[in-house]
Structure formats: C-alpha cells, structure tokens
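As structure tokens, the structure follows; a few thoughts come after it.
The values are calculated or read from the model by the stated rules, or taken from the named source; none is laboratory data. Fair warning: this is a prediction, and the values are worked out from it, not measured in the lab. Every residue, glycine among them, receives a Cβ derived from its backbone with ideal geometry; neighbour counts consider all protein chains shown. Heavy atoms of the whole protein, side chains included, go into the accessibility calculation; ligands, DNA and RNA do not. Shrake-Rupley method; radii C 1.70, N 1.55, O 1.52, S 1.80 Å.
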Amino acid sequence: MGDVLVKALDGISFEIEEGEFVAIVGPSGSGKSTLMNILGCLDIVTDGTYKLNQKMINEYDENDLAGIRNTSIGFVFQQFNLLPSFTALENVLIPLTYARVHRKEREQTAKALLTQVGLGDRMYHKPTELSGGQQQRVSIARALANNPEIILADEPTGALDSKTGQEVLSLLSQLNQQGKTIIIITHDMAIAQHARRIIRLKDGLVESDARYEDFDV
Amino acid sequence: MFKEYFSIAWRSVTSHKIRALLTTLGVVIGVSSVILLLSLGNSAKAEAEKQIRSIGSNLIFVSVSDPIGVLPSIWMDEIKESAKIAYYSPMVQRPVSYSINGVNTEVTISGVNEDYDYVSSLTMTSGRFLNKLDIQSNYPVAVVGSKIADSLFAGADPIGKTLVINGVPFEVIGEVGARGQNFSGDNDMLVYISYDYALNLFSSRAFMTTYYITSVTEASVNTTLAKVSAYLDSVLPSNSLYRAFSQSQILGIMDTLMSLLTSLLAGIASISLLVGGIGIMNIMLVTVRERTREIGIRKALGAKRSQILLQFLIEAVIITLLGGLIGLGIAYMGAFLISALSDFKVTIGLDTVVLALLFSISIGLIFGIYPANKASLLEPVEALRYE
C-alpha cells in the first residue's frame, strides 16, 4: 500500500449485548469483512478498542487471541471450511483438541453436537460425501464445540440453495433462542431479515443500526 | 495432545504416500549407505585387528635386503641376548607354479627356520613342523599349508608324499592348520622349507629376507626394535636397506587408516543425507503452501502458533524417521547379502542403528523447522483467504 493508509473501518462504535441476533449488512467494500475479522479476533484493530466480555481484545497477543477464538467464538463460514480429509466427527473434534479437552469427553461432546444438528447418522462421512447443507451443519456443530458465547457466521447461506439456506438460518435462530449471541455478516437483506437487529455498513461507517421492532416485515 | 499431533501428521503423510516416499528417498539412501559403510569399516577393522593379533603382540618384523652380503648369516644370534630376543625366524618367499592336469597352481615357498611355527603361532593339523635337526642336516623336508593337499595331492593326506621344488624332491612331514588370507596373500597356499635350502634353491641371497622376531616380553618390544635397528645401521651401508616395525605399530597404522577411510566414506555418504534434508525442506514448504487454508482454518478454530509449528515439525520428523527406518532395513539386507556372498562378516552394531535413527530425526527437525515456522507465522485472515 506504500504510504497510503486505507481505512477499512473508521469511527464506528456499537455494542452487542449477550443473546442478541445481529446481522451486519453492507455491499462489498463496506468494511464488513474487516469488521467480522475484528469481532472474531482474527485481526486486531490498528486504532481504537474492541471489548469482548469486558476484555480489551486490542491489547491481547497472538496466543491469547487464539485462545479466545478457540473458546469464545464459533465461526461459520460461507465455504464451510471443513478439512476435506477428515470426517464430520473429526472436524468437530478440532477445536476441542486445541482446548485440550480430554479424549473421551471430546468424543462425547462432538457426537452430541452432530446429533443436535441432525447429523447423528453422518458422523463418519467426509465433507465430500455430504451435501452443502449437511456440511454447513457440520461447521455449525464445530462452531459450537467449546460452547462459545458468540457464533460468527460469514454469509452462512452463500453457498447453499434457498431451501437449505432457510434450514441453516432456522438452526441459527434456534441457537439464538437457546441463548447464543449470533452475528451474521451478509450482503443479502433477505438473510438479514432473520435477525432482530441489523447494522448497515457503508464505506467503513455505520449507516444505520436498527432493532427488529423498527422494521416493516 | 502430542498423540493428536502425531495422528494428524501421520494422516497427512499417509494421504500422500508416494510423495512422502520420494521425499524421504534421500534420507533412505543416506542412512542405508552411512550405516552400511560404517559397519563395513568397523567389521573390516575388527577383522584386520583379529588377524594381526592372532600372530602375537610381542612380534617384530624386520625386512632386510643385503645385495652385497655384508650381513653375517648368524647376525641374529649375535644380538639375541642383548636385544632381548626370545625366538626368531628368517623368511624368504618365492612363488613356484605347478601344472597338474593342465591346471596351473601357484604355490609360495617359504624358507624359514624351526622357530617359525612359534613366532607365527602356527598350529599343526598333522605331522610336525621343521625341527632343528631338519635345518642342520639340510635334509629336504617340507611342511605344507592347509590348501596344498587339495591343490597338489588331489585331497589325499600329504604326509609322506613327495613335493618337487625346482627339481629337488622334498618329503612332506607336516600340515599346518588354516590361516586364512591376509594382506600378503593366501597363507594356506604356503610350503615351508628350511631357510638355507630355500636360499640355495633359488640362489637368492640378494632377495629380501623378513625376520619374524618375538621379544622376551611384550614390554621389551621397543628395546628389541631399537637394538636390532642399531645393529643393522652399523652393518648395512644404508638404512634404506631395511625396515623394522613392531606388531603394535602396524596395528596402530591399520587402525588409523581404517578409521580414516571409514569416516571419509561415511562422510561422503552423509552428503546424501544433507541432500535428503534439503528435499524434505522443499516438500514441507510446498506442503505448507498447499495447506495454507487448512492452517487458516486451524488458527480460526483456536490453534496457537506453537501448535501449528509442532504439527508440521512432527510431520517432517515422521517423514525422515520413516526414511531412516527404510534405510536401516536396506542396510540390514545389504549386510546380510555381503555376509552371505563373501566370507566377510558385516555386523551392524546397535550404536550404529541408534546413531542413524537419531540422525534421521535430527534431519527432520533441522530441515523441518523453517517450513513449520513459516506455517505457524501465517496470518489467519490471509490464510483463510488463500485459494
């Protein structure tokens, strides 16, 4: 970039409460990916502060961030990001392994989660042997592995047809009802409608921040 | 936790079997050749030492050329007392060929005295060795090596047989047990006759005579060596006409030479280990690049730098250790084949095995650390974006 500093996000400030279901929407280039990386502790802010569970994340080092990603945040990606040579069960086991959960407990948790997302009979299948919707459900199970407070979903239905997309969204809604904080990043307003709060980004700024009640459905 | 890394790495290696095998080929070749060469060297050294030791350690060899005949024929007896010589025997050797049923057989005639059997630690399988009377009476008798009966007498008992040397018939009075080969040739194709007889037969006063001398004790070897050398210096016109050295000197020289040769060869072979290591690094770099996305995913799921580093390091070590084990197997086969096809016994010592395996592991660590570190340093955001 040379001497030119490109600010992906500039002067935005908002708070997300525990148990919220938030959609962050905006066109490409609006800074929503950068925001998601910061919220997910994959990246840190160059200036300003990010507080998660009363912790000043911008003061954390790489190892601490890895720990937070491991236990406090569950990622759901557009392209699922499952490891192709691992079975569904093994994919769900990864975050548990990094959390140093005991072997037996690990397996129990992973199996319970896969059953919860409706894949109890597909645990030993590899991603290529699963449909897109099933793969996304595996990745949701993986996101839930260490029982994080936040599920961060980046275009979770982007690679799915509308029917399976709906299924995934209702699964996320269900998790929200069980108390998880859900943050969906999307460019699609139709997807965002499922959330109870919509934060619109444009050119690195918050354009609007509205609760569900304010919306015309 | 370690078990998990191992299983992840093992999985990655086994999912690219051919690649892993080709990658580790350098290590396979390196380890097998280093082990084989070290073992060959050690076995050769042990064999040489055993042979030399079997001759005796208070032994001194003096080779003298006396072309103008200045040395009195009894010079050794003159200095026997002062030089602390226990026994000695001169030896002059000439090759003779026999043609039996159209087959040419080369035999070496050794002119020695009655003490040669002692100084050379000969064992008799039948009959007796030359004695003082044989030497003094100048009666033509011979003692034969263990292969002579087969070569010249069609396997019959040679005792009492007649062996014609340069037209003179010799009566065979004894047979010596097998002595094997050494650097001076096949010791079992020797025929021993009296030293004076041999000189007369071949009219070879001018030829080199080697004196086998045993000093009174092992401790007096150096005294004997010094006295003999001093005497020869005073009598012979030039000190280039004789060479005197002790058994322990030869042993020392042999030892140094063999060790040098062994480490030189092993050194050359270990270059392939280096090349193998570079191959590992190369493939690990490719692997890290190929699996950038996997690294990104793992980091997003909470993998720490150290955990990613360990995963790839263990993978590199598994590959090299596998190469080391395959190399070890090949070395064992090689040693078995050499032992089976020649009379040379090659044994692979446990220390060599441990050394080779430690070496393979170190190569994995040394050449794996850079790619593994590179993997661990990937930014999760960048890595996740990688296609």
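How compact and how long is segment B:29-147, expressed as Rg and Dmax of its alpha-carbon atoms in Å?
19.9, 64
DSSP H helices in chain B with Cα extent of 20 Å or more along the helix axis and mean Kyte-Doolittle hydropathy at least 0.0?
Qualifying helices, which must be both long enough and hydrophobic enough, are B:25-55, B:221-235, B:247-290, B:305-341, B:350-376.
Determine the share of segment A:83-147's accessible area contributed by carbon and sulfur atoms, expressed in whole percent, with a 1.4 angstrom probe.
Exposed carbon and sulfur together represent 48 percent of the surface.
How much length is gained if the chain between residue A:105 and residue A:58 is pulled fully straight, taking 0.36 nm per residue apart and subtracting their Cα-Cα distance, in nm to one decimal?
13.7 nm
Counting only protein heavy atoms and rolling a 1.4 Å probe, how much accessible area do B and A lose on contact, total for both sides, in Å² to 100?
Heavy-atom accessible area buried at this interface is about 2200 Å².
For n ≥ 4 DSSP H runs only, could you compute -39500 (n - 2.57) per run for chain B, divide by its residues and tell me the 222 nm figure to the nearest 500?
Taken over chain B, the calculation gives -18500 deg cm²/dmol.
From the gyration tensor of the Cα coordinates in segment A:26-152, what semi-axes in whole Å does the equivalent ellipsoid have, largest first, with each one equal to sqrt(5λ)?
Values for segment A:26-152, descending: 28, 18, 11 Å.
Among the complete DSSP H segments of chain A, which ones combine at least 15 Å of alpha-carbon extent along their axis with a mean Kyte-Doolittle hydropathy of -1.0 or more?
Counting only whole DSSP H runs, the qualifying helices are A:88-98, A:132-143, A:162-177.
Over the Cα atoms of the protein assembly as shown, what Rg and Dmax result, in angstrom?
Answer for the protein assembly as shown, Rg first and Dmax second: 43.2, 137 Å.
Can you order the peptides A:193-203, B:260-270 by their average number of other Cβ atoms within 10 Å per residue, highest first?
Averaged packing, sorted descending, gives the order A:193-203, B:260-270.
In square angstrom, what is the accessible area per residue of chain B with a 1.4 angstrom probe?
Ligands and nucleic acids excluded, the figure is 48 Å² per residue.
If you find the alpha carbon centre of segment A:103-134 and of segment B:255-270, how far apart are they in angstrom?
Using only Cα atoms to place each centre, the spacing works out to 58 Å.
Could you tell me how far the Cα centroid of segment B:349-382 sits from the Cα centroid of segment A:143-208, in Å?
43
I'm a student and want to see the number: the projected area of the Cα convex hull of segment A:83-147, averaged over all directions, in nm².
With every direction weighted equally, the projected area is 3.8 nm².
Once you put a point 7 Å from the Cα of residue B:387 and another 7 Å from the Cα of residue B:354, both along the Cβ direction, what distance in nm separates them?
Modelled inter-label distance: 5.4 nm.
Subtract the Cα-Cα distance of residue B:249 and residue B:234 from 0.36 nm times their separation in residues, and report this length gain in nm to one decimal.
3.1 nm
Which values of log₁₀ I(q)/I(0), to two decimal places, follow from the Debye formula for chain B at q = 0.12, 0.13 Å⁻¹ with a uniform point scatterer at every Cα?
-0.93, -1.03
Keeping all protein chains in place and using 1.4 angstrom, which order do B:377, B:152 fall into by accessible surface area, from largest down?
So the residues, ranked largest to smallest area, are B:377, B:152.
Using DSSP loop states and a limit of at most 12 other Cβ atoms within 10 Å to flag chymotrypsin sites (Phe, Trp or Tyr not before Pro), what is the longest stretch of chain B containing no flagged site?
Counting at most 12 other Cβ atoms within 10 Å as exposed, the longest clean stretch of chain B is B:1-182.
What shape does segment A:1-76 take by its C-alpha gyration tensor, where a ≥ b ≥ c are the square roots of the eigenvalues and a/c under 1.5 counts as rounded, a/b above b/c as prolate, and the rest as oblate?
Since a/c reaches 1.5 but b/c is at least a/b, the shape of segment A:1-76 is classed as oblate.
What is segment B:171-234 by shape, rounded, prolate or oblate, if you read a ≥ b ≥ c off the alpha carbon gyration tensor as root eigenvalues and call it rounded for a/c under 1.5, prolate for a/b larger than b/c, and oblate otherwise?
Oblate shape, in that a/c is at least 1.5 and b/c is the bigger or equal ratio.
Okay, helix-only estimate at 222 nm for chain A: each DSSP H run of n ≥ 4 adds -39500 (n - 2.57), divide by all residues, round to 500 deg cm²/dmol; what do you get?
Calculated mean residue ellipticity at 222 nm is -10500 deg cm²/dmol.
Taking a 1.4 Å probe, which of A:123, B:284, A:56 shows the most accessible area, and what order do the others take after it?
So, going from the largest accessible area down, we get A:56, A:123, B:284.
Identify the residues of segment B:275-306 with backbone N under 13 Å of a label point that sits 7 angstrom from the Cα of residue B:366 along the Cα-to-Cβ direction, or state none.
Output list for this probe position: B:275-281.
Short version: which residues of segment B:297-316 lose at least 20 Å² of accessible area, all chains versus chain alone, 1.4 Å probe?
B:297, B:298, B:299, B:300, B:301, B:302, B:303, B:304, B:305, B:307
Using only alpha-carbon positions, what ratio does the radius of gyration of segment B:118-170 give when scaled by 2.2 N^0.38 Å?
1.20
Find how many whole Å separate the alpha carbon centroid of segment B:15-30 from the alpha carbon centroid of segment B:62-105.
60
Taking accessible area as the heavy-atom solvent-accessible surface of the protein chains with a 1.4 Å probe, which residues of segment A:48-94 lose no less than 50 Å² upon going from the isolated chain to the full protein assembly?
Flagged in segment A:48-94: A:62, A:63, A:69, A:81, A:83, A:86.
Considering only protein heavy atoms and a 1.4 Å probe, what is the carbon-and-sulfur percentage of the accessible area of chain B?
62
Find how much the distance from residue B:15 to residue B:57 grows on full extension, using 0.36 nm per residue of separation minus their present alpha carbon separation; answer in nm with one decimal.
9.1 nm is the gain from fully extending residue B:15 to residue B:57.
Please work out whether segment B:269-323 counts as rounded, prolate or oblate from its C-alpha gyration tensor, where a ≥ b ≥ c are the square roots of the eigenvalues and a/c under 1.5 means rounded, while otherwise a/b larger than b/c means prolate and anything else oblate?
Verdict is prolate for segment B:269-323.
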